[in-house]
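The values are calculated or read from the model by the stated rules, or taken from the named source; none is laboratory data. None of the values given here were measured: they were computed from a predicted structure. So basically every Cβ, Gly included, is an ideal-geometry build from the backbone, and we count neighbours across all protein chains shown. Just so you know, the surface numbers come from the protein's heavy atoms only, side chains and all, with ligands and any DNA or RNA stripped out. Shrake-Rupley method; radii C 1.70, N 1.55, O 1.52, S 1.80 Å.
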There are 2 protein chains.
Amino acid sequence: MTLLVMKFGGSSVADAEAMRRVAQRVVATHRAGNQVAVVVSAMGDTTDELLDLAGQISPGPPPERELDMLLSAGERISMALLAMAIEQHGVPAKSFTGAQAGMRTDTAHGRARLLDVQPERVRATLDAGGVAIVAGFQGISTDDDITTLGRGGSDTTAVALAAALDADVCEIYTDVDGLYTADPRIVPTARRVTRLTIEETLEMAAHGAKILHLRAVEYARRFHVPLHVRSSFSDKEGTWILVGRPLTEDTMEEPIISGIAHDKSLGKVTAVGIPDRPGAAAAVVGAVARAGVSIDMIVQNVSTSDAHTSDISFTIPDTDGQTAVAAVRALQDEMGFADVLYTSHVGKLSLVGAGMRSNPSVASDLFAALAGAGVNIEMISTSEIRISVICDQSDLEDAVRAVHTAFELDAEEDAVVYGGTGR
Amino acid sequence: MTLLVMKFGGSSVADAEAMRRVAQRVVATHRAGNQVAVVVSAMGDTTDELLDLAGQISPGPPPERELDMLLSAGERISMALLAMAIEQHGVPAKSFTGAQAGMRTDTAHGRARLLDVQPERVRATLDAGGVAIVAGFQGISTDDDITTLGRGGSDTTAVALAAALDADVCEIYTDVDGLYTADPRIVPTARRVTRLTIEETLEMAAHGAKILHLRAVEYARRFHVPLHVRSSFSDKEGTWILVGRPLTEDTMEEPIISGIAHDKSLGKVTAVGIPDRPGAAAAVVGAVARAGVSIDMIVQNVSTSDAHTSDISFTIPDTDGQTAVAAVRALQDEMGFADVLYTSHVGKLSLVGAGMRSNPSVASDLFAALAGAGVNIEMISTSEIRISVICDQSDLEDAVRAVHTAFELDAEEDAVVYGGTGR
């Protein structure tokens, strides 16, 4: 018997009608002879409404323990309603909080890490022929306090539950029908990708593709959980994400490039005119990391105006711009560099594909495509299966379209985007 | 050090402003050197909104386990927000779900009974100098499922917590400033009662007074928990409810009557012309009880038209009218009685006071007052400290006012009703 974990996000359960549609799909999957565990997020705007209430109470940041208690109410509501909707069809269904589903986390409220998953009650419900519904995004800490897993938490819950149950597949339902070669809102001719390796998916998620959260993909890679990203509005197959790529004849013809990710959430810090001595980069980057800011790309280059100094540039989440600049500025006197510059709203384009490993012309083709579109490249970084460039954010969408065409990713027809949000 | 349990209902935490007012009161009580545990209900309309969502999903009655899961989200929201509001003042506060507060119940979803209360985490929070906030109305069953305690559940949580913590007092905050000699919406000259015995309170609650739920009062009597019913809008003392009455000089002058309760939620069933034989009453009442309907007052009298038959009348919750009539009707052929009559919307007036034990004229004074107001009495029942009469519901308010005046309960000024609801 096949065991599936089906994960539905907030927009899939936004109202009673959407909830009934999800229930029908779960019931059909159960009736087809599968064991089904469902992971569900809070309904549509619930989280925002709860945050708004907290804002009315606490002008400053609310206490994290209590914020987690507050937000965890959201999934309680959606999962209980979904269980009711499923039972309407005569299929027994039980909802479980993170605690009841055995989601044990550390004590880092708001961004808790899963330490252990012991879903005995979920397993017992499935074995008894019922559907188990698990609250996404939440767990219980080693101190027995309610915790939330932070952004992408429900995807992570689903993948972790699938790993613990040794599920055959973890299905991530969303309002698009899979992963695309680029964001269809920007590239209308983007094509749906039928399968990706987990490594490619990781690069896509890490560099701006929003369908799957990086953390969930990391979890899937670590525990070898097959993922299937598909639409909650249609029955057709979406994108399969598998660990490694099966060596069949098909794979000989795999395209070089799987897709293009883009990211508009970054800013760029540059420390200008750093006197050239060992350890300068480590000092700058270390100061920023100690300030709690995660660094994305780093580029160091010898300054053109003065051979004895260099510039260090790095990208960070734009929201951490002030913190990062302050951390670097604190080193200025000691290290003797000339200035700290900050550019907000930079754009990042990433070309991802396992095929580029053996294809040396990818980088040059990329740069040629960008040049042809008049896009100036500010920074470059590469991995074995990815090339990322930083450019002016106002050029980013043109850049994505030009590169998509240059690598022959365009489909003949425009992509269908459901739900209007493109997510 | 004094240990208080403070209970706030949904209207006391209806919005952010009300929540902040409650927080100020809790903080002031804590700063005055008391240990404070708070029990809180869901905010204002939350429960109704959640029930409405459930109704959109399930046209029929929703599965009870899932309904409890759904409704329990309400207190999570209010208690987390209240903790945030208290922490704003620099006082550490932690909220606890029913499960975290050790509220173990049976498995009767929607009307669970508390089996055991083990509030170790609440105690630890108080001992560490913090305020503990406990979700009212909810617990965790012996099967580790979320349960709710049904009507009056938050009062019951508060009293049970006070008992388990051996609290000095359980304060029930509401939007009136105590218990009144009658409902001030009906009798504007009703007087606030400064103290009541637990037995009087039990009679008041059992016979229609709505401030305190019967179940919570029963719990308080069983575990000797002193109650203080007071206003969340003012600092003045409300009504103290104590087990037994202290034998001081004051008590010599206690009034005979403590107050008048009234109830509009009842209907009356009459089985007419039951052939006179032993066991007839037991058969009728037993059938109704087996149908799950709780019976309030019972009166049997020999029929005036025929000396060999009698009529049995009893009152029940009006909402159970059809069920009760069907249960009695099923006995009709076997027992050979003439008919089953049902009167919905009957009125019940109850006069309560420990002083009436030693005062034989109370009943006759009551009947005289009702006769003077033109109110026809349909049924009468008495206990040692209460006399109840059933009348036409359209006469009930006039009856309450007439009796209130006759027993010299009127104050010189009108009562102040806060919040507009009189509850």
Dipole axis of the protein assembly as shown (+1 Lys, Arg; -1 Asp, Glu on Cβ), positive-most option in A:107, A:385, B:53: A:107
Nearby lysines by direct alpha-carbon distance to residue A:7 (threshold 25 angstrom, same-chain neighbours under 8 apart not counted): A:94, A:210, A:236
Residue-wise HN-Hα coupling along segment B:118-133, computed from phi with Karplus coefficients 6.51, -1.76, 1.60 (Hz; x: Gly, Pro): 10, x, 4, 6, 5, 4, 5, 5, 5, 5, 7, x, x, 9, 9, 10
Which of B:317, B:269, B:351, positive extreme of dipole for segment B:264-377 (C-beta unit charges): B:351
Solvent-accessible heavy-atom area per residue, rounded to whole Å², over the protein assembly as shown at 1.4 Å: 41 Å²
Under Karplus coefficients 6.51, -1.76 and 1.60, residue-wise ³J(HN,Hα) of segment B:337-342 in Hz, glycine/proline x: 8, 6, 6, 10, 10, 10
Sequence-distant residues sharing a close amide H with residue A:310 (under 5 Å, placed H): A:273, A:274, A:276, A:303
Global size of chain A as Cα Rg and Dmax, reported in angstrom: 23.2, 77
Relative contact order for chain B, counting Cα pairs under 8 Å that sit 6 or more residues apart, in percent: 14 percent
Alpha carbon centroid spacing (whole Å) that separates segment A:13-64 from segment B:351-407: 54 Å
Length gained when the stretch residue A:272-residue A:51 is fully extended (0.36 nm per residue, less Cα-Cα span): 75.6 nm
Lys/Arg +1, Asp/Glu -1 at C-beta; the protein assembly as shown dipole; positive extreme among A:366, A:160, B:328: A:160
Amide hydrogen neighbours beyond the local backbone of residue A:180, cut-off 5 Å, H modeled: A:193
Accessible-area value, residue A:358, 1.4 Å probe, nucleic acids and ligands omitted, Å²: 100 Å²
Axis-nearest residue of B (beta carbon) for the B-onto-A rotation, whole Å: B:73, 2
Nonlocal amide H pairs with residue A:112, under 5 Å, H built at 1.01 Å: A:148, A:149, A:150
Residue mean of other protein chain beta carbons inside 10 Å, A:92-101: 4
Surface share of carbon and sulfur [accessible, 1.4 angstrom probe, percent] for segment B:93-200: 44 percent
Inter-copy label distances at residue A:89 (7 Å, Cα→Cβ; nm, one decimal): 5.1
Rounded to the nearest 10 Å², the accessible area of residue B:314 at probe 1.4 Å: 0 Å²
Inter-site label distance for residue B:89 and residue B:394 at 7 Å from Cα along Cβ, in nm: 5.2 nm
Prolate/oblate/rounded call for the protein assembly as shown, Cα gyration tensor, a/c under 1.5 rounded: prolate
Candidates per GluC sites (Glu not before Pro) in segment B:332-388, loop by DSSP, up to 14 other Cβ within 10 Å: B:384
Cα-based shape type of segment A:3-249, given that a ≥ b ≥ c are square roots of the gyration tensor eigenvalues and the cut on a/c is 1.5: rounded
Equivalent-ellipsoid semi-axes of segment A:62-148, from the Cα gyration tensor, Å, largest first: 25, 15, 6
Pair residue B:323, residue A:115: separation of 7 Å Cα→Cβ label points (nm): 4.7 nm
MRE, 222 nm, helices only [DSSP H, n ≥ 4, -39500 (n - 2.57), over the protein assembly as shown, to nearest 500]: -10000 deg cm²/dmol
Dipole magnitude (debye, nearest 20) for the protein assembly as shown, charges at Cβ of Lys, Arg, Asp, Glu: 1120 debye
From phi via Karplus (6.51, -1.76, 1.60), per-residue ³J(HN,Hα) for segment A:46-57 in Hz, x at Gly/Pro: 4, 4, 4, 5, 5, 5, 5, 4, 4, x, 5, 8
For residues of B:50-60, the mean tally of beta carbons on other chains within 10 Å: 5
Label 7 Å beyond Cα on the Cβ vector: residue A:129 copy-to-copy distances, nm: 5.9
Shortest-first distances to equivalent copies, position residue B:222, nm, label 7 Å out along Cβ: 4.8
Interface burial for B against A (accessible surface, 1.4 Å probe, total of both chains, Å², rounded to 100): 3400 Å²
Rounded to the nearest 10 Å², the accessible area of residue A:398 at probe 1.4 Å: 80 Å²
Candidates B:130, B:238, B:372, ranked by Gaussian network fluctuation over chain B, Cα under 10 Å, top entry: B:372
Inter-probe distance in nm under a simple model that places probes 7 Å from Cα toward Cβ, at residue A:364 and residue A:265: 3.6 nm
Rounded if a/c under 1.5, otherwise prolate or oblate - segment B:260-406, Cα gyration tensor axes: prolate
Mean Cβ count within 10 Å, highest first, over the residues of peptides B:273-279, A:189-195: A:189-195, B:273-279
